[in-house]
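Bear in mind that the values in this text are calculations on the coordinates, not laboratory data. Worth saying up front: this structure is predicted, and the values here are computed from it rather than measured. Because the Cβ atoms are built from the backbone with ideal geometry, glycine has one as well, and the counts that use them run over all protein chains shown.
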Amino acid sequence: MAAIQQLRPVRKSTHYDIYRRLCRARAFIDAHYDMPLDLDLISREACLSRFHFLRLFRQAFNRTPHQYLTERRIRRAKELLQADELTVTEVCFEVGFESLGSFSALFHKHVGRPPISYRAKMHEIKMVPRKRVPGCFLAMWGLDGATRPTD
């Protein structure tokens, strides 16, 4: 709501229309983050000129469309890296980056560690609770390859 009030004072219905268009463009980014997106394509979704759209998007969401797209891609990359099913290179291309180098650099900038290090840390965190559980309990419940005793 504050974003609407920051826009130039015109008619109230115009503010809501513009904000709705900006939200539609943001939803478009969320739905197509894995594809090559540029400012022209996103601004067309909002039915605004590219520079007008850029200015209004930054004003409404406190970041540029490119920053929002990058953050969205990094957020999804973190999810995929935690799953351990894809390699870092596969994750890079899955979330829409075209270069492993730029993906790694941006990931490190946003997360504070490179993707491979992030994956190792998340794997370590997932394993910590199991290290604290006594082995007899794990064996009793058939966890970690042990068989569960039959009644």
Vicinal HN-Hα couplings computed from phi for segment 22-33 (Karplus, 6.51 cos²θ - 1.76 cosθ + 1.60; Hz; Gly/Pro x): 5, 5, 5, 5, 5, 5, 4, 4, 4, 7, 10, 4
Hey, got the dipole for segment 74-140? About the Cα centre, +1 on K and R Cβ, -1 on D and E Cβ, debye to the nearest 20? 460
In Å, what is the Rg of the alpha-carbon atoms in segment 74-140, and how long is Dmax? 14.9, 48
So for Arg119, Arg55, fewest C-beta neighbours within 10 Å to most, what's the order? Arg55, Arg119
From the phi of every residue in segment 99-111, what ³J(HN,Hα) in whole Hz does the Karplus formula 6.51 cos²θ - 1.76 cosθ + 1.60 yield, where θ is phi - 60° and glycine or proline is x? 9, 5, x, 5, 4, 4, 5, 5, 4, 4, 5, 7, 9
So for Thr70, Thr87, fewest C-beta neighbours within 10 Å to most, what's the order? Thr87, Thr70
Using modelled amide H (1.01 Å from N, peptide plane; none on Pro or chain starts), what sits under 5 Å from the amide H of Leu48, excluding residues fewer than 5 places away? none
To make sure I understand, if each residue's beta carbon is the centre and we count other beta carbons within 10 Å, what order do Met140, Met127 fall in, fewest to most? Met127, Met140
With x for Gly and Pro, the residue-by-residue ³J(HN,Hα) of segment 117-123, computed from phi through the Karplus equation 6.51 cos²θ - 1.76 cosθ + 1.60 at θ = phi - 60° and given in whole Hz, is 5, 4, 4, 4, 5, 5, 5
